[in-house]
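Accompanying notes for the structure given below.
Where a number appears in this text, it was derived from the coordinates with a stated rule and is not lab data. Remember, predicted model here, so these are calculated numbers, not experimental data. Glycine also receives a Cβ, built like all others from the backbone with ideal geometry; neighbour counts cover every protein chain displayed.
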Amino acid sequence: MRSRSLKTRALGLLLAVLAPIGAAWAGPAGGHPPFERTEEREPCASFVPTKQPFFGETHLHTAYSFDSVALDTRNTPADAYWYAKGGRVGLPPWADTRTAEDIPPASRPTLATEHPYCLPGEHCQFMATRTIQFPEGRALDFAAITDHAEQFGESNICTFEATQTCTSDSDCNPVVTGQQCFSDSLCRPNGYDSATCLAARDEFSRLRQGAVASAMAGFENVSQNPSRPPFCGPDGSLCARQAELVWDRIRADAEEAYDRTSACTFTSFVAYEYTAMAANGRCADVSALPCWDAAQSNRTPDVPDTATPSADCPSGAACLMNFTGSSGADNLHRNVIFRNDEVLDQPISNIERPLGCGFGAACTSTPGWPVASPAAMLQALKDDCIDNPAKPRCDVLTIPHNPNMSRGSLFILPDTTSDGLTEARLRHQLEPLVEITQIKGQSECRYNARTGMAWTNPPDELCDFENQGWARLGGSADGYLTDAMQTTDSIPPRGYVRNTLQNGLAYAAENGVNPFKLGFVGALDNHNGTPGQTDAQQYAKSGAHGIQSFATSAEALNERFFLGLETNAGGLAVVWAEENSRDAIFTALKNRETYATSGTRPIVRVFGGFGLPRNICKRGGFAERGYANGVPMGGTLHGTGGGQAPRIAISALMDPGWSGHPGTPLQRAQIVKGWVDAAGQTHEAVYEVAGEADEPAPESRVDLRTCQPKGGGMTDFCTLWTDPSFDPSQHAFYYVRVLENPSCRWTQYYCNARGVDCDRPMGVCRGQDPAFDGQGCGGDAECGGGVCTLPDTYEEYEYSQCCSGLVPRTVQQRAWTSPIWYTPAGAPPSGFVPPPRSGFRGEVAAE
Amino acid sequence: MNVSMRWGWLRHPVAHFTLIGIALYGASLLLTPSEPERPTVEREPILVSAERRQALQADFARRWGAWPTPEQTSALIARTIDDELLYREARVLALDFEDGSVRRRLVEKMSALSDRPGRDPDELVREALALGLDDDIVIRRLLIEKMRLVLAHDPMAPPPSETDLLDYLDRHRDRFESPAELTFSHLFFSASARGADLGPDALEALARVRSMSPSASAALVSSDPFLLGSRMRAYSQGRLTARFGKSFAEQVFALPLGAWSNPIASPYGRHLVWVEEKSAPRPPELASVRRTVTEGVLKEQAAARLARGMERLRKRYEIRIDEPDDLSRPAATLASRPR
């Protein structure tokens, strides 16, 4: 009794103390925040009404992705968040100190495997041999961890690490867990000992190439009729159940990482990746085209289905399902990010809602038209989350990535029938953003300096930046394209964002709705569980794909290798939001008030408007006056200019860098304008708006040995630009590209770290006959500047790669801001304003 | 009337339970035979011989690729003793009795030894025990774990009280509290805009505003606009480092309140800084960290119970270590898992 009254009094005291604090929390802006609060949390002390930049990750894989765990990644979402917040995590290879007699503690049975490990010097079964951590000041503000949802269950079953002993099945509580007692007296899920899982684990123990994981994806991630492996049970329920357990862990990890206090140090998002792939069949005849048709069997690879000639195959041959063999697949992946902790009970992956024909389109009977529309999946997200009365707080958006590896399939315009328009509105509502850059290349635009081939009109040489030679995912036959093979036929311009924005504009001009009103984010897509790890120097050591990027570092400088020369350290997503909370950041993503960087951290702010003050750069209050007289990046201007041309104001700060690693100054800013004329023809132009367009050689801006900047460029700038050729009757968009001075590409860090010095002779003369193969030599001294014989050691290969000019030494890191669209007066609003239920006030204001 | 008043209590359920209880107690007294004499437990001394120590060191070296330091050796010996205590005590308490995992191990071993297949598992277990096959590394580890759980666990313990949670929160202040935050105004002088004049410009401005407040001074000097604004609200040192670099953040956090600083360099130029407000680190509301705190309290309580249990066990045994002089308190612990 006495203790209770004491407790009551303590509680009363606590309440009395907290009450005034609560009153103080009532809202830093003195009222409601300008976004809807859909969750319980403390408002942020650092709330800024005119918004501030937050750096984050929207695409990252951990050990819950089959291809990651197959490459020996042990970081889970919990570890990934720990890294994002500045913690140290491990990377493979692991010192595996398990002994035959290792018995796991029985205290904590695991439902979804957690892949535990420890750091060097600590004592456990898997010890990291390499570790990685952000430099001070570079931790992220927010992160969404996006594992491949299709194999949540399959992967976790096959790689299950038991923690519970048993004598009979009942010890494992099979009804709840789906586990059984195995012959070594340990509880594991049913299916662990299936032939498929045995093959997967056998491969892990020897090769670590992820072949089984990608074969499985070949059956599960395909357009129409995806099929789970047999061990999932006839209806797939075994894997679906394990997938839910994994999803529960992912949700719990996100909750644990989220800072709900007023300090607002970190925001996590519950998310997953929808990993669909299209046209991964191959015509049975010699022409060997990528193909797909609805009638074929997706269960058996490489078996000709002669009864059903495919419309995609010119000679009327059948389409063979052969993802596992020589074909590739069009990348149609999307990251699905939820607003708060009210999410779907299980992800809608390609298995639940596979790719299909677009609404109202007959894609399987049209030759060459891929089965590539996400419309059914987007509709399901809308029905089960956004419009679901049982989940009133649920909200979601999806971010497509790597159109550059989709063979143009990611952004196929919807039909113009009413069904097609429904799809266009769905895409407008659910897909406000595109991932414009990541480790597998940038997707803004394309140019090949070696062949002069341009994908833009006029050619834009700055598009020759982190391009992929792979037009599709996987496979070898139509995977890698050499320079000569890279044409606008093999890589359709539609696969690039600038062209897609123009196509969307033309569609909007005609139909009143823009299916591709895409703002920009950058991301990693790293498979190490290390979000935001975009530093070139660290990337040169860590790679991006678990053990593969480490063990095969001999391939790092090989352009043909999928994860070799042509990959890069990846990009970042930056949002302008009032505070670092889920509602604020999600609203910014939804409103496209975002920009992408190629991995560095410049701060860029853009406003567009007819009435922006001419002195907006001269006096303070850039943001206040920008919001008052225009719209921010991602917004839309309507034809109310009264004969005036729109002005675009750009203000930027260089990346501040970190201790001992100064940031690179900014070189220049450009505005990319796209528009559509009265005939429906699209056009584009690039304007230089700040800085020096004609720069000296890269070596004068960066020391190639130390990779330190040598000066020049701008630490900050602000500029106001007026469109010199504005036509108020034409739909248009404007986005800003800010370029840094040249800096070392990761490959230069790699070559430096290996001690390759191109000024010194190789020092080894192999064929002592000057006539030998035209490369012979009389002694080591004659070997300067190159190899004298064909490289037959890795050192020689490395030297020839680093010094031949084949491996890029510098790169111009950059930022791309979400476009500002212009819609002529009288045109129907190009956007679909969602019903007032969720009330995105920012969106309504911007439209 | 009288009867119902005098005997009415008999109808009350409490009375029924009391009576049933008394009856059951009586019956149990009558039916249970008096407890047989417990055999006295012989607790042999625990000895860590020089050979054992060398074996431990060699094991360590094989596993980690380096010979253990004296501290690590101490830790190894301490752990060996702990394991031995736990194992011996588990045997005393007969924790292996009817244990499924132990039984399974014995059946497995005996079937491997026995040449006749398909024998009754009970028979195999009896035979294995007779042969002493239960002295086994796997069974040993099972029992050690089980004993650890027995010591750390108290099924009757009440859930942590609010006071426990608040106390934990208080003791782990640095882990939970929000960082100190600064709100400051600054006058910015851009390196790109001013070039060589940067330093003099900033100093000249400082001379002019020296004694003025930020609001009054803004109009007086021609500083440059700064993208993130001239007033920065609630910046932790971490955020300040991220935006302006480490050296700038350190200098600004060391400033006194309510005065203009000397020019401070950032990657963008120079800044005159006026710190308005500095909030002390503050503890979070319990509600927002309740789950982590509850887990922490439970973990602490379990660890304390285990430590008390181990202390009790140590008193029951004589412990002898060859060359005991360097077994100081083990300085190094052998960690199991980060965080």
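Listed values for segment A:58-72 are Karplus-derived 3J(HN,Hα) couplings in whole Hz (6.51 cos²θ - 1.76 cosθ + 1.60, θ = phi - 60°), namely 10, 7, 7, 10, 10, 4, 7, 9, 4, 5, 6, 5, 5, 9, 6, and x replaces Gly and Pro.
Of all aspartates and glutamates in the structure, those lying under 12 Å Cα to Cα from residue A:590, and not within fewer than 8 positions of it along the same chain, are A:395, A:431, A:843. Around the amide H of residue A:807, modelled in the peptide plane, lies no amide H under 5 Å away from a residue 5 or more places distant or on another chain. The spacing between segment A:693-725 and segment A:348-382, judged by their C-alpha centroids, is 45 Å.
Take every pair of alpha-carbon atoms less than 8 Å apart whose residues are at least six positions apart; their mean separation over the length of segment B:178-279 yields a relative contact order of 45 percent. Phi angles of segment B:186-201 translate, via the Karplus equation with coefficients 6.51, -1.76, 1.60 and θ = phi - 60°, into HN-Hα couplings of 8, 9, 10, 10, 7, 5, 5, 6, 10, x, 5, 7, 3, x, x, 4 Hz per residue; Gly and Pro are given as x. Residue exposure proxy: A:113, A:38, ordered by other Cβ atoms within 10 angstrom of their Cβ from fewest to most, comes out as A:38, A:113. For segment B:88-117, list residues with backbone N below 19 Å from a point placed 7 Å from the Cα of residue A:167 toward its Cβ? Label zone hits: B:90-112.
Ordered by the number of other Cβ atoms lying within 10 Å of each residue's own Cβ, fewest first, A:187, A:197 fall into the sequence A:197, A:187. Taken along the Cα-to-beta-carbon direction at a fixed 7 Å, the label points for residue A:659 and residue B:130 span 7.1 nm.
Under 1.5 on a/c is rounded, so check that first for segment B:66-119, then, if it is not, pick prolate when a/b is larger than b/c and oblate when it is not; a ≥ b ≥ c are the square roots of the alpha carbon gyration tensor eigenvalues. Since a/c reaches 1.5 but b/c is at least a/b, the shape of segment B:66-119 is classed as oblate.
The mean sequence separation of alpha-carbon pairs under 8 Å and at least six residues apart, normalised by the residue count of chain B, gives a relative contact order of 25 percent. Other residues lying with their Cβ under 10 Å from the Cβ of residue B:214 contribute a combined charge of 0, Lys and Arg counting +1, Asp and Glu -1. Once backbone amide H atoms are built at 1.01 Å from N, residue A:188 has A:180, A:182 as its partners under 5 Å, excluding neighbours fewer than 5 places away on the same chain. Please compute the modelled spin-label separation between residue A:708 and residue B:211, points set 7 Å along Cα→Cβ, answer in nm with one decimal. With each label placed 7 Å out from Cα toward Cβ, I get 4.4 nm. Quick one: go through segment A:638-676 and flag any residue whose amide nitrogen is under 12 Å from the point 7 Å out along the Cα-to-Cβ line of residue A:825. Label zone hits: A:638-644.
The residue list B:206, B:228, B:265 was ranked by how far each Cα lies along the charge dipole of segment B:178-279 toward its positive end, using unit charges on Cβ atoms, and B:228 comes out on top.
At full extension, residue B:276 and residue B:167 could sit 36.0 nm farther apart than now, given 0.36 nm per residue minus the alpha carbon distance. Mind listing the long-range amide H neighbours of residue A:577? Cut-off is under 5 Å, sequence gap 5 or more, other chains count too, H placed in the peptide plane at 1.01 Å from N. Amide H neighbours of residue A:577, under 5 Å, 5+ apart: A:52, A:54. Normalising the average separation of contacting C-alpha pairs (under 8 angstrom, six or more residues apart) by the number of residues puts the relative contact order of segment A:316-391 at 27 percent. Ordering of B:300-308, A:230-238 by packing is A:230-238, B:300-308, highest average first (other Cβ atoms within 10 Å, averaged per residue). Each stretch of four or more DSSP H residues adds -39500 (n - 2.57); spread over every residue of chain B, this sum gives -17000 deg cm²/dmol at 222 nm. Taking label points 7 Å from Cα along the Cα-to-Cβ direction, residue B:61 and residue B:83 give a separation of 1.9 nm. Exceedance of the 27 Å cut-off in Cα-Cα distance is limited, within the set A:391/A:440; A:440/A:541; A:85/A:391; A:382/A:440, to A:391/A:440; A:85/A:391; A:382/A:440. Residue by residue along A:81-91, Cβ atoms of other protein chains within 10 Å of the local Cβ number 1 on average. Near residue A:421, once Lys and Arg are set to +1 and Asp and Glu to -1 for all other residues with Cβ below 14 Å from its Cβ, the sum equals -2.
Each residue in A:292, A:470 was given a count of other beta-carbon atoms within 10 angstrom of its own, and listing them fewest first yields A:470, A:292.
Highest mean packing first, where packing is the average number of other Cβ atoms within 10 Å per residue, the peptides A:608-619, A:430-441, A:261-272 line up as A:430-441, A:261-272, A:608-619. For segment A:387-455, the share of alpha carbon pairs falling in successive 10 Å distance bins from zero is 16, 34, 30, 16, 3, 1 percent.
The phi torsions of segment A:694-701, fed into the Karplus equation with coefficients 6.51, -1.76 and 1.60 and a -60° offset, translate into couplings of 9, 9, x, 4, x, 5, 7, 10 Hz, rounded to whole numbers, with Gly and Pro shown as x.
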